[in-house]
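Student: One structure coming up, written as structure tokens, with questions to follow.
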Amino acid sequence: MNIFFNLRGTMVRQIAEERAVPAPLQEAVMSPPRRSSSSQGDRTSTETLQKNNSSNSGVILDISALKMAEVDTEVPPLPPRYRFRDLLLGDQTFQNDDRVQVEFYVNENTFKERLKLFFIKNQRSSLRIRLFNFSLKILTCALYILRVSLDNPKDDNPCATCRNSSETNGTNPTDIDWKLIFWVNRREPVWAIQVTVALISFLETMLITYLSYKGNIWEQMFQISFILEMINTVPFIITIFWKPLRNIFVPVFLNCWLAKGALENMINDFHRAIQRTHSAMFNQVFILICTLLCLVFTGACGIQHLERAGKHLNLFDSFYFCIVTFSTVGYGDVTPQIWPSQLLVVILICVALVVLPLQFEELAYLWMESQKLGGNYSRHRAQTEKHVVLCVSSLKIDLLMDFLNEFYAHPRLQDYYVVILCPTEIDIQVRRILQIPLWSQRVIYLQGSALKDQDLMRAKMDDAEACFILSSRNEVDRTAADHQTILRAWAAKDFAPNCPLYVQILKPENKFHVKFADHVVCEEEFKYAMLALNCVCPATSTLVTLLVHTSRGQEGQLSPEQWQRTYGRCSGNEVYHIRLCDSKFFGEYDGKSFTYASFHAHKKYGVCLIGVKREDNKSILLNPGPRHIMAATDTCYYINITKEENSAFIFKQEEKHNKGMPVSGLYDAPSRLPVHSIIASMGTVAIDLQNPDPPEESGKLTIPTENGAGSRRPSIAPVLEIADSSAILPCDLLSDQSEDETNQSDEEGSVGSDFVKGYPPNSPYIGSSPTLCHLLPQKAPFCCLRLDKGCTHSSFEDAKAYGFKNKLIIVSAETAGNGLYNFIVPLRAYYRPRKELNPIVLLLDYPPDNHFLEAICCFPMVYFMAGTIDNLDNLLQCGIIYADNLVVVDKESTMSAEEDYMADAKTIVNVQTMFRLFPSLSIITELTHPSNMRFMQFRAKDCYSLALSKLEKIERDKGSNLAFMFRLPFAAGRVFSISMLDTLLYQSFVKDYMIAIARLLLGLDTTPGSGYLCAMKITEEDLWIRTYGRLFQKLCSSSAEIPIGIYRTESHMFSTSESQMSINIEQGMEHRERGESWKEKTAHRNSTTSDQSEHPLLRKKSMQWARRLSRKSNKPSSRAERISQQRLNLYRRSERQELSELVKNRMKHLGLPTVGYDEMNDHQNTLSYVLINPPPDTMLELNDVVYLIRSDPLAHMPEDSQVGQARTTRNQQEFGTETRDETHL
């Protein structure tokens, strides 16, 4: 304690020396304060003390300080900030003394402001006041009508001074009795009520005028409403003090105009009170109606009163006259007789001619603006009907039609409304489309922004079943377009958290911003993955596009071309789902393996089971393999013409014995009975599927012996119900060391060490799915990734110097975006055999940055080069003559053009040039607009292409969503547009699993236990299998692979006669009629293909079909035509030789060897197409490519004791794409 007091004393002395206290303050401190509140001296001393404190540069003293001064008078007390005792003991007196109470909004506490708040500012109280005022005005008008009905101008006027002694008979009708105009007969009760109402109205008007006063009294006094109030109230107030004036006429009917203004203000206050806005159209219509009523009421009352001195019209006759006059009918049976009433009619007509046109003009303007904005989606409709909202930044006709056709293709969506929310004004073409009766009743266009809650309220986003947010892919800055999409998604989620969101994003690096959405489609992810699979599985883009489009398989069914009928019918296959316990297709396979269920379902019903999902697992597994045992609660995903719920089952044996048996009995028939047909129907479509049972000889299959049996045809092992580990081909790709050892000598010289399998260490963007890939043991230096320039590690400067064993894959893109990463990953996935890996060359307009190089430097045989496809030297340096596939990616800088469809002009011309220079090269092109694919590989004098163009127009007129499917480049998978995949997002509204299945097929996601898409080629050794159904059985029994389709290439003869260029519509219709008769005579779905011996006949039919569609008649070719044809062939040959010489000269100039340039080997005389889920009896042909879903090799790893045996078995029975000759099927 002594130390504490010594320390305190020392501090007090220091502070006393630093701060000198004035003498008056010391006196105040020395004198003890008094606490009596009644003493005036105490108050004076306190005020003096406060003044001294304020002038003492911040020294503050309180009562406790004064008490301390009594104890120690030698030193002044400490300021509060130095008082340890108060801090230790918690004395907060000094803090309370420093507080100053501040009152806000003091000006609103006055009496005038309180009245203004009650009468004007507050919405609810103001609404009540205006409602009361409106009631008063209506009451005055009602009292006037009552007074008129009780008034009789023939009675004596009670006014003594103004009394009319008697009515003069025989007076000229043009004479005016002014007394009847200025004086009326007003009953005493009516007068009392009118005076009371007038007094209240006068007081209210004066109070409102006082509260609204802003410094100019004359401005308020000369307002129309104030003048009318004075005219209708002051005379009644005067009659209180002057009784003879009680019968004076007062134009009380003018209160209708005041009632009109009060009603308008009341409605505005009402909407302010309930925090809801009303449309300007409603307000204007309301004003117009009120104006008309006031004009008619004013005219009727004024004419009736003035005619008291003339014809004595009653109020109804005056009202009738006003209606007839304002409607411009003018019967003339009722007319005013005296000039005052006639003058009033003239005034009213002039007022109507001025006021009404202005009102109608404003109404028309608002109507036109509302048509641009689209109005509102009514709340009642939103609560009783279902609707979805489509948010876009700009609406194009192609986007709109793709969405509407795909959305309304599903039967259960026919009653849905589509509300389009777009910030731009509606386009003329879009407006014309929306006026079609098919869409006008179901599609509503609203101009507005998704970032505004008012516009989202107009679209009733909170009541919507879903919200589709689409990006503008035609923007030059695609990143900015993604940013707009992200903000729209955030705004929609903030406004309606429970509304499902379907978001389309362009750049993969922006995808994680919209992860909260229910379904997200990243355009560049799907695009590059699909283009990559096109290089190893031909026409993957066509396969996926047909799967995600809604079709009934009716396209091309009237064509005499076999391939068009087959291709069009198989294009109707889609992906559906059903629970196993509810399915007739798969219900009998409960407890059996997935492979067994898939094969027998295809054999019996023609459906292809491709995936399954457990009830306790959210992941979909594509071909989980034979070790997956089907359970009753599993969800099955299958490919078929239509879903099972729309299918009827007719069994052959039961049809013979029970002709009258209902469908329900047939449905419950034993599942082992042979199926005669499956009638798959959707709406009005029915497709008859023939009995797919194999011949009796294949009913009991045996495994062939080792030595064979002479000429006996080999048989196929049956598919087991339960998986047998010894019968399934093992696929342990992770432990594939034997392959690395045996094929080490076959590796490229540039690779100094073996590849390893692992996950890429660097991901270019957030959200990319990890995929097990072939990787380099060590990252390649950035200088080694440059193909056309040597470095200290490698001196190679062109593709030939590297000595690649496999064909190259060249990708031409503008920039090295993060989407290119998704092109490389599927081509370097772990399930691709090492010896089948193709070198990848990125031909970029602009060199990539280090961030992208860091992501790709871990992949083997991936190179880049700066150059463009319109430069022949760049193409030759990157090794185009050694390439098997060239992928041309749509460039962002060319996506926007003054004319929309010209965005692809540069790409199309460049690809056409490469097609002429390198005819043997497979060029895969991405276009912005799907309609431009008709210009790919364009032949101006090819009659067959022109015939296909005519077929496309016919299919489009029939309402097909896939009218472009018969174009040869699309059918062959040589052209692709990302807009075709917009339907993937639209279908997700009905099929929420479509995005997940598409990502698994394209390799974007790798789910443990799920298979992947690959392909195999049918060789001569495989033709003994004969049919697709037997191939299905062979694949399921040997390697547990599920085939889903065929890519078929046929030789074709294309006509080039100039006389066959034009197409005749009338003869095309004749061709359709003949096609119908042909269809009735031929077999149905199973008769899809024929043997190779029938191909010349088919080609002959193709030529006849093309000639039949030509304008000229089928006359034999003249000698002049044959000579011109020969000249054309010679010209083409000389042109090709000229191009060949051009290419070889440039190669010599660049120092490249010309060996390998095969200018004559082209594919111009072939056509290719995709058959999705063909029938079991489809005949296999040479060079058919079969799409397979191969089970995950990592899902069934062999045990350590069986690793050696698995390797030996795999080496003996390799089931790869390029080693089919080793597989003895």
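The values are calculated or read from the model by the stated rules, or taken from the named source; none is laboratory data. Since the model is a prediction, treat every value here as computed from it, not as a measurement. Virtual Cβ from ideal backbone geometry, glycine too; neighbours counted across all protein chains shown. When the accessible area is computed, the model is the full protein with side chains, heavy atoms only, and any ligands, DNA or RNA have been set aside. Shrake-Rupley method; radii C 1.70, N 1.55, O 1.52, S 1.80 Å.
Student: Among the residues of the stretch 826-835, is there at least one that is without any contact (Cβ under 8 Å) to a residue 60 or more places away in the chain and touching a Lys or Arg at 6+ places or on another chain (Cβ under 8 Å)?
Tutor: Residues of the stretch 826-835 without any contact (Cβ under 8 Å) to a residue 60 or more places away in the chain: 828.
From what is left, the residues that are touching a Lys or Arg at 6+ places or on another chain (Cβ under 8 Å) are none.
Within the stretch 826-835, not a single residue is without any contact (Cβ under 8 Å) to a residue 60 or more places away in the chain and touching a Lys or Arg at 6+ places or on another chain (Cβ under 8 Å).
Student: A further question on this structure: Tally up the residues in the stretch 183-199 that are among the hydrophobic types (A, V, I, L, M, F, W, C) and under 10 Å from Asp151 (Cβ atoms), please.
Tutor: The number of residues fulfilling the criteria is 2.
Student: Name the strands (runs of 3 or more DSSP E) wholly within the stretch 457-525 that hold at least 2 residues that are touching an Asp or Glu at 6+ places or on another chain (Cβ under 7 Å)? Before you say what the answer is, go through the steps one by one.
Tutor: Details: elements: 466-469, 501-505, 519-522.
Output list reads 501-505.
Student: Something else about it: Test Pro919 against the stated conditions and say whether it is of a type outside the set (Val, Ile, Thr), at pLDDT 80 or above, out of contact with any Cys (no Cβ under 6 Å at 6 or more places or on another chain) and not in a helix (DSSP H, G or I). It would help to see each step written out before you state the result.
Tutor: Details: of a type outside the set (Val, Ile, Thr): yes; at pLDDT 80 or above: yes; out of contact with any Cys (no Cβ under 6 Å at 6 or more places or on another chain): yes; not in a helix (DSSP H, G or I): yes.
Yes, satisfied.
Student: If only one of Gly973, Gly1009 is surrounded by 22 or more Cβ atoms within 10 Å (Cβ to Cβ), in a loop (DSSP other than H, G, I, E, B) and in contact (Cβ under 8 Å) with a residue 40 or more places away in the chain, which one is it?
Tutor: Result of the check over Gly973, Gly1009: Gly973.
Student: Being surrounded by fewer than 19 Cβ atoms within 10 Å (Cβ to Cβ), under 41 Å from the mean Cα position of the chain (by Cα) and basic (Lys, Arg) narrows it down to one of Lys779, Lys835, so name that one. Quick ask: steps written out before the conclusion?
Tutor: Numbers: Lys835 fails: under 41 Å from the mean Cα position of the chain (by Cα).
Within the list Lys779, Lys835, the selection yields Lys779.
Student: Please work out which one of (1) over 13 Å from Tyr638 (Cβ atoms); (2) in contact with a strand residue (DSSP E or B) (Cβ under 9 Å, 6 or more places away or on another chain); (3) of a type in the set (D, E, K, R) is the condition Lys604 fails and give its number.
Tutor: (1)
Student: Right, something else. For residues that are hydroxyl-bearing (Ser, Thr, Tyr) and touching a Ser or Thr at 6+ places or on another chain (Cβ under 7 Å), scanning just the stretch 991-1009, find the one that is nearest to Thr635 (Cα to Cα). First the steps, then the outcome.
Tutor: Going residue by residue through the stretch 991-1009, those that are hydroxyl-bearing (Ser, Thr, Tyr) are 993, 1006-1007.
Now restrict to residues that are touching a Ser or Thr at 6+ places or on another chain (Cβ under 7 Å): 1006-1007.
Details: Thr1006: 19, Thr1007: 17 Å.
Among those residues, the one meeting the criterion is Thr1007.
Student: Out of all the residues in the stretch 901-917, which are open to solvent by 10 Å² or more (accessible area, probe 1.4 Å), closer than 22 Å to Asp884 by Cα and touching a residue at least 24 places away in the same chain (Cβ under 8 Å)?
Tutor: Residues satisfying the conditions are Ile908, Asn910, Gln912, Thr913, Arg916, Leu917.
Student: Continuing with this model, one more query. If we scan the stretch 879-896, do we find a residue that is modelled with pLDDT of 85 or more, within 30 Å of Leu837 (Cβ to Cβ) and polar (S, T, N, Q)?
Tutor: So far as the stretch 879-896 goes, yes, one or more of its residues are modelled with pLDDT of 85 or more, within 30 Å of Leu837 (Cβ to Cβ) and polar (S, T, N, Q).
Student: Yes or no: the stretch 414-437 includes at least one residue that is part of a helix (DSSP H, G or I), of a type in the set (Lys, Arg), touching a strand residue (DSSP E or B) at 6+ places or on another chain (Cβ under 7 Å) and open to solvent by 20 Å² or more (accessible area, probe 1.4 Å). Break it down stepwise before answering.
Tutor: Let us first name the residues in the stretch 414-437 that are part of a helix (DSSP H, G or I), namely 428-434, 437.
With the extra rule that they be of a type in the set (Lys, Arg), the set shrinks to 431-432.
Among the residues that remain, those that are also touching a strand residue (DSSP E or B) at 6+ places or on another chain (Cβ under 7 Å) are: none.
No: the stretch 414-437 contains no residue that is part of a helix (DSSP H, G or I), of a type in the set (Lys, Arg), touching a strand residue (DSSP E or B) at 6+ places or on another chain (Cβ under 7 Å) and open to solvent by 20 Å² or more (accessible area, probe 1.4 Å).
Student: Select from the stretch 503-528 the residues that are of a type in the set (A, V, I, L, M, F, W, C) and touching a Cys at 6+ places or on another chain (Cβ under 8 Å) and write down the one among them that is farthest from Val889 (Cα to Cα). Give the steps one after another, and end with the answer.
Tutor: Taking the stretch 503-528 as the starting set, the residues that turn out to be of a type in the set (A, V, I, L, M, F, W, C) are 503, 505-506, 512, 514, 516-517, 520-522, 526.
Still in the running and touching a Cys at 6+ places or on another chain (Cβ under 8 Å): 505-506.
Details: Ile505: 18, Leu506: 14 Å.
Checked the stretch 503-528; the qualifying residue farthest from Val889 (Cα to Cα) is Ile505.
Student: Here's another thing I want to ask about it. Within the stretch 552-609, track down each residue that is surrounded by fewer than 24 Cβ atoms within 10 Å (Cβ to Cβ), touching an Asp or Glu at 6+ places or on another chain (Cβ under 9 Å) and assigned to a strand (DSSP E or B).
Tutor: Tyr576, Ile578, Arg579
Student: Could you pull out the residue among Ser212, Ser225 that is touching a residue at least 60 places away in the same chain (Cβ under 8 Å), among the small types (Gly, Ala, Ser) and either touching a Cys at 6+ places or on another chain (Cβ under 9 Å) or at negative phi (or both)? Break it down into steps so the answer makes sense when it comes.
Tutor: Working: Ser225 fails: touching a residue at least 60 places away in the same chain (Cβ under 8 Å).
Answer to the selection: Ser212.
Student: Determine which member of the set Phe249, Phe241, Phe282, Phe222 is in contact with a strand residue (DSSP E or B) (Cβ under 8 Å, 6 or more places away or on another chain) and surrounded by fewer than 16 Cβ atoms within 10 Å (Cβ to Cβ).
Tutor: Values: Phe241 fails: in contact with a strand residue (DSSP E or B) (Cβ under 8 Å, 6 or more places away or on another chain); Phe282 fails: in contact with a strand residue (DSSP E or B) (Cβ under 8 Å, 6 or more places away or on another chain); Phe222 fails: in contact with a strand residue (DSSP E or B) (Cβ under 8 Å, 6 or more places away or on another chain).
Result: Phe249 is the single residue among Phe249, Phe241, Phe282, Phe222 that is in contact with a strand residue (DSSP E or B) (Cβ under 8 Å, 6 or more places away or on another chain) and surrounded by fewer than 16 Cβ atoms within 10 Å (Cβ to Cβ).
Student: To continue, here is another question. Could you tell me whether the stretch 161-176 includes any residue that is modelled with pLDDT of 75 or more and farther than 23 Å from Val296 by Cα?
Tutor: Pass one, the stretch 161-176, residues modelled with pLDDT of 75 or more: 176.
Narrowing the set further to residues that are farther than 23 Å from Val296 by Cα leaves 176.
Looking through the stretch 161-176, at least one residue is modelled with pLDDT of 75 or more and farther than 23 Å from Val296 by Cα.
Student: So, one more: Hey, any hits in the stretch 467-480 for a residue that's farther than 21 Å from Pro508 by Cα and open to solvent by 50 Å² or more (accessible area, probe 1.4 Å)?
Tutor: no
Student: For the stretch 421-449, which residues satisfy the criterion of being in contact with a helix residue (DSSP H, G or I) (Cβ under 8 Å, 6 or more places away or on another chain) and among the β-branched types (Val, Ile, Thr)?
Tutor: Initially, the stretch 421-449 is screened for residues in contact with a helix residue (DSSP H, G or I) (Cβ under 8 Å, 6 or more places away or on another chain), giving 421, 425-427, 429-430, 433-434, 439-440, 443, 445-449.
Answer for the stretch 421-449, where residues must be in contact with a helix residue (DSSP H, G or I) (Cβ under 8 Å, 6 or more places away or on another chain) and among the β-branched types (Val, Ile, Thr): Ile426, Val430, Ile433, Val443.
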